[in-house]
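Peer 1: One structure coming up, written as structure tokens, with questions to follow.
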Amino acid sequence: MKPKFKRRKPLARPGVFDPTDTRHVKHTRMGVWDFYEERPYNAPIPYSSRLETYAQLFEGIPFAWRMMKDICSMRRCLSLICLYILVEVARSLIPAVSLWYSGQLVLLVEVAVEKRTVDKDILLRVAGGRIACTLAERILQYCRSRITVPLNRSIKQYYSTHIFQAMARLDLPTFEDPAVQRQLESAWTTSWKSSIAWETIEITTNMFMTSIRLLSQLSVLINILRDQRDGPLLAILSFSQCLFQWFSMRGPSLDPLGWLPPSLWAATTKNQDYIRMQGYKHVVDNPLHRKEVVAGNLSEHLSHLYKDASARVGDDAMDFPEIRRAFLVRDRLTLTSILREPLRELPQIVFTLRAIQYPISIPISLASLTLITQTANSFSSTLFQLFGESFSLSEQFASVRKLYEISMIPNRVVDGTISFPENQQTLKHGVSIEFRNVSFKYPGADKYALRDVSFTICAGQLCVIVGVNGSGKSTILKLISRLYDPSEGTILIDGQDIKTLKLRDLRRTMAILFQDYTHFPLSIKDNIALGNPDIAYDDDKVREAARLGGADGFIDKLPDGFHTYLDRPVRDYYSALPEGTTTLFGRQVDYSKVRGAGRMHTSETSLSGGQMQRLAVARTFMRSLVSEIESPVGLLLFDEPSASLDPTAEHDLFQRLRTLRGSKTMVFSSHRFGNLTRHADLILYMDDMEVQEAGTHDELIARNGEYARVWSLQAEAFL
Ligand SMILES: Nc1ncnc2c1ncn2[C@@H]1O[C@H](COP(=O)(O)OP(=O)(O)OP(=O)(O)O)[C@@H](O)[C@H]1O
């Protein structure tokens, strides 16, 4: 017999989100997006999402406490926070006092209607009290703003430094990990702009104040209801209609009752036109591509392509967050939403019915009804506000936790404990390097970048690593500087396992120039100075490094010289009036005057590839600038330092490097054989992730292997 139901594919791993599993995963189409949501594996536990929210709140308390301690330890912050709390307490009491005065006013009116006389003294006092409340409200609001601005500023500054340090301390494999990137992103996206800490203080105080307001309103409500027949009934009706409004307003998709646990979801798009549209957008909005767009005459063509793709996608071309929001907040015609408005009138209807029932003795006056419903409404809205605030607080505590957790992300490259070198004097004779059966895979890669590599470079030797593209030359340099740790095997520096040495000491002994060097978005002077933090403030040393790198000539010709920014990290701001147009009253829009007065540049300074490389070389030279005796450097690592240099510059550079090196160890990675390999004490020829040949130039030529073949190929070009 055929089974009644088709067997569905089981999950790859139980409990793991698998978008292809239709039994546990619900698929919704949202425009061009496919939204996959995990269905709960077990029957939902009632109020589980609320419970999770409160659990999150409690877990966040130690972090919030630490945050408060940190803030209070800042200068001025403790006194400002105390003042802030005082003002907030006063502000939270005002609504109840106002309500009390309203009650007094209603009573006065009732007495006046009944007895046709008014107690002027009491009336004046009540009216005065009401006015005083509004004035006090305004004054307290002003005080609040005067306190919050400096407080917020100090807190923001403190936490931006905290985030900066948390990010700066991460090593390469940790920083490159996408999971760590996501963690950092969630901590910094809000905190760089607004301050999580400040928001937390605001939400916590608000919640505290709302509780005070709630209690004070409750006492006023009890006071009013005490003397009124039918008052409690009307108050309950008002309260329950508010409760109904609150739940029905939140809508079913937002899970008002908290029955559903927080969902696990993922969204993707396979719409090729939409993907292409995003690609075209990046091409035109990223300055990196502008050169190619202009030179390739691409503007018109790209516009056509974008328009065509956009026409094919139609109105569905929305970003995912936007479309998800539209789905969540769309209006639905539900029974509760239909009943919502009529129910608002319920207390009034009941009052009318009671009046019809007892026409002779109307239970309470219409004025009292208004007062009761007003007080009950304001009590219930405060109560719901408290609920809402408790959820925001839980999210806020989770953000505070993330903020502190980023400074605890463990680095993958674990620091050693042994100081290096034992004797600083030995550095001037270089350090020895030994690779013992080293294999390495980049994090997340399946393929080896190095496989079973062994070699020894003695102290003071010049080693040149040559070989085909992708054979692992740069990887060797990255392992020597411990940017990564080998997957297998050991690296020894001066006979000691590299992992046991203190990272700070190890890196101080090296001057490194990477092939894919970058320039920091700082001035040229700072770019060079950062080559050696120990002497970064010495302008003469910076100039000397620039001279050694062959960069001083072109730097001096730049309008701002050493203070030139290649990539200014701060943009200038301009008003919205477009340049070259005329305003409504005939004024020409011309920015040259304001720009001239502010000495603002219209374009960035750009350098040639070779000039950029000279700057990078100058930065590396900063490391070796202190005198031979005090120099902390014993090892110079250069990855293709002359790839963009002209022949004269390359010749000069090698000349200077040889002088600078003295008798220190130097390792070069290069494709060019001529100049360097002849002087090398050791040449490593690499191919297919392994060292294929090792020896001096003469030894390798005599061996007549791959090195000899490639060397003759290069030599032939000059014959
Ligand atoms: N960050 C990285 N992540 C993953 N794989 C990488 C990374 N960097 C390099 N690789 C891979 O490691 C291998 C060795 O790269 P490496 O940069 O060491 O080669 P190379 O010999 O210096 O090449 P070239 O001569 O082109 O500079 C290559 O297959 C490369 O694709």
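Coordinate-derived values only; no laboratory data. Keep in mind it's a predicted model, so treat the numbers as computed, not measured. Because the Cβ atoms are built from the backbone with ideal geometry, glycine has one as well, and the counts that use them run over all protein chains shown.
Peer 1: Once you order the gyration tensor axes a ≥ b ≥ c over the Cα atoms, which shape class does the range 410-486 get: rounded for a/c under 1.5, otherwise prolate or oblate by comparing a/b with b/c?
Peer 2: It is oblate, given that a/c is not under 1.5 and a/b is not larger than b/c.
Peer 1: Mind listing which trypsin sites (Lys or Arg not before Pro) in the range 521-605 are in a DSSP loop and have 14 or fewer other Cβ atoms within 10 Å?
Peer 2: Arg571, Arg587, Arg599
Peer 1: What number in nm² do you get for the range 562-614 if you take the convex hull of its Cα atoms and divide its surface by four?
Peer 2: So the mean shadow area of the Cα hull is 5.3 nm².
Peer 1: For the range 481-546 and the range 81-129, what is the separation of their Cα centres, given in Å?
Peer 2: After rounding, the separation between the Cα centres reads 71 Å.
Peer 1: For the range 635-719, run through the chymotrypsin sites (Phe, Trp or Tyr not before Pro) and keep only the ones in DSSP coil with at most 11 other Cβ atoms within 10 Å of their Cβ.
Peer 2: Sites meeting the loop and neighbour criteria: Phe718.
Peer 1: Given axes a ≥ b ≥ c from the Cα gyration tensor, I'd like to know whether the range 34-166 is rounded (a/c under 1.5), prolate (a/b larger than b/c) or oblate. Working shown, then result.
Peer 2: Values: a/c = 3.85, a/b = 1.58, b/c = 2.43.
Oblate is the answer for the range 34-166, as a/c is 1.5 or above yet b/c matches or exceeds a/b.
Peer 1: If you filter the range 442-516 for trypsin sites (Lys or Arg not before Pro), then keep DSSP loop positions with at most 15 other Cβ within 10 Å, what is left? Before the final figure, lay out each step's value.
Peer 2: Numbers: sites: Lys447, Arg451, Lys473, Lys478, Arg482, Lys499, Lys502, Arg504, Arg507, Arg508; in loops: Lys447, Arg482, Lys502.
Answer in residue order: Lys447, Lys502.
Peer 1: What residues qualify as long-range amide H neighbours of Gly430, i.e. H under 5 Å apart, gap of 5 or more or another chain, H built at 1.01 Å from N?
Peer 2: Thr665
Peer 1: Based on the mean of other Cβ atoms within 10 Å per residue, sort peptides 60-69, 173-182 so the most packed one is first.
Peer 2: Order by mean packing, descending: 60-69, 173-182.
Peer 1: Then there's this: Can you pick out the pairs among Lys156/Lys441; Lys478/Lys541; Lys441/Lys499; Lys69/Lys502 whose Cα atoms lie more than 29 Å from each other?
Peer 2: Exceeds cut-off: Lys156/Lys441; Lys69/Lys502.
Peer 1: Search the structure for amide H atoms under 5 Å from the amide H of Arg39, placed 1.01 Å from N in the peptide plane, and list their residues when 5 or more places away or on another chain.
Peer 2: Correct list: Val25, Lys26.
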